[in-house]
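Note sheet for the following structure.
The values are calculated or read from the model by the stated rules, or taken from the named source; none is laboratory data. A quick note: this is a predicted structure, and the numbers were derived from the prediction, not measured. All Cβ positions, even for glycine, are placed from backbone atoms using ideal geometry, and neighbour counts span all protein chains on display. Surface areas here come from the heavy atoms of the whole protein model, side chains and all, with no ligands, DNA or RNA. Shrake-Rupley method; radii C 1.70, N 1.55, O 1.52, S 1.80 Å.
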Amino acid sequence: MVLEKKSALLEDLIKKCGGCAVVDGGFATQLEIHGAAINDPLWSAVSLIKNPELIKRVHMEYLEAGADIVVTSSYQATIPGFLSRGLSIEESESLLQKSVELAVEARDRFWEKVSKVSGHSYNRALVAASIGSYGAYLADGSEYSGHYGENVSLDKLKDFHRRRLQVLVEAGPDLLAFETIPNKLEAQACVELLEEEKVQIPAWICFTSVDGEKAPSGESFEECLEPLNKSNNIYAVGINCAPPQFIENLIRKFAKLTEKAIVVYPNSGEVWDGKAKQWLPSQCFGDDEFEMFATKWRDLGAKLIGGCCRTTPSTINAISRDLKRR
């Protein structure tokens, strides 16, 4: 019953948005724009330790840009990752909890301000707790290959995600966002974990793709979606951090493979070299292209649209303008 009520909250938001809600954009990108040094195995999560107020500022910037859903700064925040920095288990769990609290505080402060203004075009945003893939924790680019090695089993993946999931759920987000999942094994681990922990918060699971056709592991999306389609916990499925030129084809593909809502938030089109730790020049979308294509993605069936790496609040503002205009 609780899960149904929370899913209804998301459904109501999507209806208020005219059939497609706006997810925020690149978090680490915006932190770097403000001068944060995040070239670190913890990536954006290092700001939870060094500058939590900056995290809240970035959430506010995306809310002002028109985001209907803000995603927490916990993508690369893991207990093993924090422990490797010398933090205790208690400190690590506190930082995970803080990632949700900062997003909720920003959302509530923003809504308190704009709700007093007549004629505003904003919705009261929902908070999605980000749960990055195992590959994100490894910080070796394996979320873009899907090759975790023979020693990584279903049980190992569940054990890796379990305590982080528990802490994030206890912190009280509206949604859970499993991001850049590269293979069926990890998707299945996430689904089974939600059931085992009796989680009563709706979730989405986003894969990525390096060829616009398959998951990074080489598995078909038909294979990958099989365990997700059977799960009541999974509200939406889709793609994040893939080039935007792949999105149209992938929405068409997913629409044939699932009855779940479809969520897409591509990167700018630049390619991340996980080993060299740098972005490589490639075919990119600017804000104008995102604005132009957002309506097409919605009309093809996407219910949640946003941006990932290298997109900014101006990108989200362009998407929001386009979707709310038509």
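What to note about this one:
- Given R0 = 30 Å, the distance between the Cβ atoms of Glu170 and Glu248 translates into a calculated FRET efficiency of 0.20.
- Cα→Cβ-extended label distance, 7 Å offset, between Leu138 and Glu259, nm: 3.6
- GNM on the chain, alpha-carbon springs under 10 angstrom: the most fluctuating residue among Asn229, Asn240, Asn151 is Asn151.
- Remark: the chain carries a charge dipole of roughly 820 debye about the Cα centre, counting +1 on each Lys and Arg Cβ and -1 on each Asp and Glu Cβ.
- Loop-located GluC sites (Glu not before Pro) in region 113-203 whose Cβ has at most 16 other Cβ within 10 Å (DSSP): Glu150, Glu197
- With every protein chain in place, the chain: carbon and sulfur % of accessible area (1.4 Å): 48
- Couplings for region 163-171, taken from phi via the Karplus curve 6.51 cos²θ - 1.76 cosθ + 1.60 with θ = phi - 60°, read 5, 4, 4, 4, 5, 5, 4, 5, 6 Hz in order; Gly and Pro are left as x.
- Rg over Rh, two decimals, region 15-86 (C-alpha only, Kirkwood Rh): 1.05
- Cross-link table Lys56/Lys253; Lys98/Lys256; Lys158/Lys260; Lys156/Lys214, entries beyond 30 Å C-alpha to C-alpha: Lys56/Lys253; Lys98/Lys256
- Expressed to the nearest 5 percent, the antiparallel share of DSSP beta bridges inside region 2-324 is 10 percent.
- Amide H within-cut-off set for Gly66, under 5 Å, with H built and near neighbours excluded: none
- Fully extending the segment from Arg162 to Gln97 would add 22.0 nm, taking 0.36 nm per residue of separation and subtracting the current Cα-Cα distance.
- Inter-probe distance in nm under a simple model that places probes 7 Å from Cα toward Cβ, at Glu105 and Glu150: 4.9
- For the chain, the solvent-accessible area works out to 41 Å² per residue, with a probe of 1.4 Å and every protein chain left in place.
- If you look at the Cα atoms of the chain, you get an Rg and a Dmax of 17.9, 58 Å.
- In order through region 205-212: 3J(HN,Hα) via Karplus (6.51 cos²θ - 1.76 cosθ + 1.60), integer Hz, x for Gly, Pro: 10, 10, 8, 10, 8, 9, 10, x
- Of all DSSP beta bridges confined to region 58-214, the antiparallel ones make up roughly 0%.
- The phi-based Karplus calculation (6.51 cos²θ - 1.76 cosθ + 1.60; θ = phi - 60°) puts the 3J(HN,Hα) values of region 297-307 at 4, 5, 5, 7, x, 5, 9, 9, 9, x, x Hz, whole numbers, x for Gly and Pro.
- Accessible surface of Ile181 - all protein chains present, 1.4 Å probe, nearest 10 Å²: 0
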